[in-house]
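Below: one structure, written as structure tokens.
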Amino acid sequence: MLLRIDPLSEQQVTVLATAAQLTPTGTNEPLKIAGFEVSSDDNILLIFTNTAKVWRYNTRGDYWVLNRGTGRLKQVGKDKPAQSLMYAKLSPDGRKVAYVSDRNIYAEDIDSGNIIALTTDGNRRLINGTFDWVYEEEFGCRDGFRWSSDSKSIAYWQVDARDTRDYLMLNTTDSIYSFVVPVEYPKVGQSPSSVRIGVVDATGGTTRWMNIPGDPEQHYLPRMEWASGNQSLIVQQLNRWQNESKLYICSISDASAKTIYTETDKAWIDIKSRWNDGDPGGWEWLDNGASFLWVSEKDGWRHIYRISRDGKKETLLTKGNYDVETISATDEKNNYVYFIASPESAIQRYLYRTKMDGKGRMELVSPAALKGTHAYEISPGAQIALHKFNNRNTPPVSEWIRLPEHTPFQKTQSIEARIKTVDRRNLEFFTITTEDNVTMDGWIITPENFDSSKKYPILLYVYGEPANTTVEDEFSTGSNRLFDGDLSKSSYFYVSFNNRGTPTLKGSAWRKAIYRDIGGINIRDQAMAMKKLLAQRPYLDTARVASWGWSGGGSTTLNLLFQYPDIFKTGIAVAALTNLLTYDNIYEERYMGPPQKTKADYIKGSPVTYAKNLRGNLLYIHGTGDDNVHYQNAEILLNELIKYNKQFQFMSYPNRTHGIREGEGTTKHLRTLFTNYLLKYCPPGAR
């Protein structure tokens, strides 16, 4: 059953579809709903079901349409293979549904069932309406087509990966004979796949390709949306170095592209997915398309600007020395933009608002007394919101509120009325200043029954790269899903730091200090923080210092073990990038530059460069089916360690991907392996 509940009362419930209505003819079970869309007139429901994973997410499956007026339930794209439809969307007028299947775009009339192929040239190398591996992984680009608001046209991306080489993964367990699994994967130094944007009539016909300047194999097109009026598109283009961004208005009638806004940076420019929870979709239009909101770090902080449609007028809205994390909503009626920021603490998050004319001040909307991490799902127009809160001592809790007052619909259901804190007196948040005069945020968990006259082992949890932080004021802080037990009860200290280069809210200079220095500045920051901590706290046993991390954190762990063997005695690295030259071009070139110009920086930052320095205990873990950080990284490292007769422990997981979750018993085995190694080589307990 699918219900609509009015959050204002929780009593007004609309049944959008009963279980019987969602049960296909000839079956006894209703469809399992993975996602849905409702037409603007509430008459048509589009149901996503029977899903399958494409790399990271379940974006492929089957779609059904329910006409609520007639009760008719029918499958969309019924002539296509099962689980082959992607990103199906109702046309704004509710008469058609468009979708991707096998890299081609189709439009289907809901009443008649007539299907029109809008593209026919799609294949594994020529991709219409969705993206290749690297655009999805690094730009968050997945859904690659957009309906016009008049339902007459569809704008879409086409990715030409014919010149992109395949990385061949080897599957040796799913059949008696091994077979290769090809992934179109542009490695560091390889040209980007050529991408172009076109518009096609929803009734079919020839695609009109936009004439966007620049070599398509030396540029990226990560964002595109319709501009108002259905006569033009707005497109963002990045150069290959990702340090120049241009916005184009593309005319549908003649396919011309006019530059309206250009921005440059000495390091790199983040696109919307970096400040919008991984989603680059949508455009923050105002005044019926006369202006839009834009996020930039050009003054040293991540701020919101209001830009006129022609790009000639620019107004700074969020003034001050603080970062905006994300735009949450706009209230055009009252001229406000809502956003998440935290000027006083880089590890917390609060909702603020300010006027959209540039003349307002920053106003705190979140309750000042609730210190921690706030998140919001805000309605269009910013009148109501689902408010979520947690912090180091408070499990996640939520409430429905009215804005801008931030008052709960029902006082008995407010967060303040239902909040339950947990005594975590052994968790401490702190800052530490290293001998390089770098001050970092950190947390540390103290062992139970701690005795300051004794010595204890310490385990560092690390990531350390531009993709993520490890120190935030959240209830999950201090957890370790790989240790089978409780680190505190096992008498370990457990610690983490946010080094320079992590995407914390400390300004652009902090985040971009790592430019062309991954494997350098971040490693030194972590090592110097640990060195200072050991000096400050004599109860920490310098002979029992360990580090662990996954992916970029695995790389950091290896570099700590190899570059600072006097500090770090044990390391557990999972799915690490051991040679920076083996990763994809979008991520690594963004932070390190194309290796044609910066190869020495890649070598300098790669853990394999320092493998000969291993003196401590190393457990290295990798899945052979890792399409993200390829298994070749394991063998590259192994060869170097073997070359220098360095003894280590190694575990490969057959056909497991980057998350090492697939297969019966995998998670338990991995946890047991991690736990036993830590207990043996960094023994627990006070001494």
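Highlighted here are the helices (runs of 4 or more DSSP H) found entirely within segment 581-677 that include at least 1 residues which are closer than 21 Å to Gly501 by Cα and either touching a helix residue (DSSP H, G or I) at 6+ places or on another chain (Cβ under 8 Å) or of a type in the set (S, T, N, Q) (or both): 585-592, 595-605.
Report, by residue number, each residue of segment 554-565 that is surrounded by fewer than 23 Cβ atoms within 10 Å (Cβ to Cβ) and either of a type in the set (A, V, I, L, M, F, W, C) or assigned to a helix (DSSP H, G or I) (or both). Hit for segment 554-565 is Gln563, nothing else. Of all positions in segment 147-157, at least one carries a residue that is closer than 17 Å to Gly204 by Cβ and among the aliphatic types (A, V, I, L, M).
The criterion of at least 2 residues that are under 24 Å from Trp55 (Cα atoms) is met by the following strands (runs of 3 or more DSSP E) wholly inside segment 80-188: 85-90, 96-101, 104-109, 126-128, 145-147, 153-160, 166-171, 179-184. Taken together, Lys569, Lys599 contain a single residue that is closer than 24 Å to Arg165 by Cβ and open to solvent by 10 Å² or more (accessible area, probe 1.4 Å), which is Lys599. Per the conditions (1) over 19 Å from Arg306 (Cβ atoms); (2) in a loop (DSSP other than H, G, I, E, B); (3) of a type outside the set (Phe, Trp, Tyr), the sole criterion not satisfied by Ile432 is (2). Annotation: of all residues in segment 527-547 being touching a helix residue (DSSP H, G or I) at 6+ places or on another chain (Cβ under 6 Å) and of a type outside the set (A, V, I, L, M), the one that is surrounded by the fewest Cβ atoms within 10 Å (Cβ to Cβ) is Thr542. Residues that are within 16 Å of Ile327 (Cα to Cα), of a type outside the set (Ser, Thr, Tyr) and in contact with an Asp or Glu (Cβ under 7 Å, 6 or more places away or on another chain) occur at least once in segment 377-384.
Considering only residues in segment 151-171 that are open to solvent by 50 Å² or more (accessible area, probe 1.4 Å) and out of contact with any Pro (no Cβ under 7 Å at 6 or more places or on another chain), the one that is nearest to Val235 (Cα to Cα) turns out to be Lys152.
Identification of strands (runs of 3 or more DSSP E) wholly contained in segment 337-420 with 3 or more residues that are over 21 Å from Leu505 (Cα atoms), open to solvent by 60 Å² or more (accessible area, probe 1.4 Å) and not β-branched (Val, Ile, Thr) yields 394-402. Output the qualifying pairs, or none if there are none: Cβ atoms under 6 angstrom, residues six or more apart or on different chains, first residue in segment 38-51 and at pLDDT 95 or above, second residue acidic (Asp, Glu) and surrounded by fewer than 20 Cβ atoms within 10 Å (Cβ to Cβ). Correct list of pairs: Leu46/Glu37. Checked against the criterion of being closer than 21 Å to Arg223 by Cα and charged (D, E, K, R), the candidates Asp132, Asp102, Asp111 yield just one match: Asp132.
The values are calculated or read from the model by the stated rules, or taken from the named source; none is laboratory data. Quick caveat, the model's predicted, so the values are computed rather than measured. Neighbour counts are summed over all protein chains in view; Cβ atoms, including those assigned to glycine, are modelled from backbone coordinates with ideal geometry. For the accessible areas, the whole protein counts, side chains as well, though only heavy atoms, and no ligand, DNA or RNA atoms are used. Shrake-Rupley method; radii C 1.70, N 1.55, O 1.52, S 1.80 Å.
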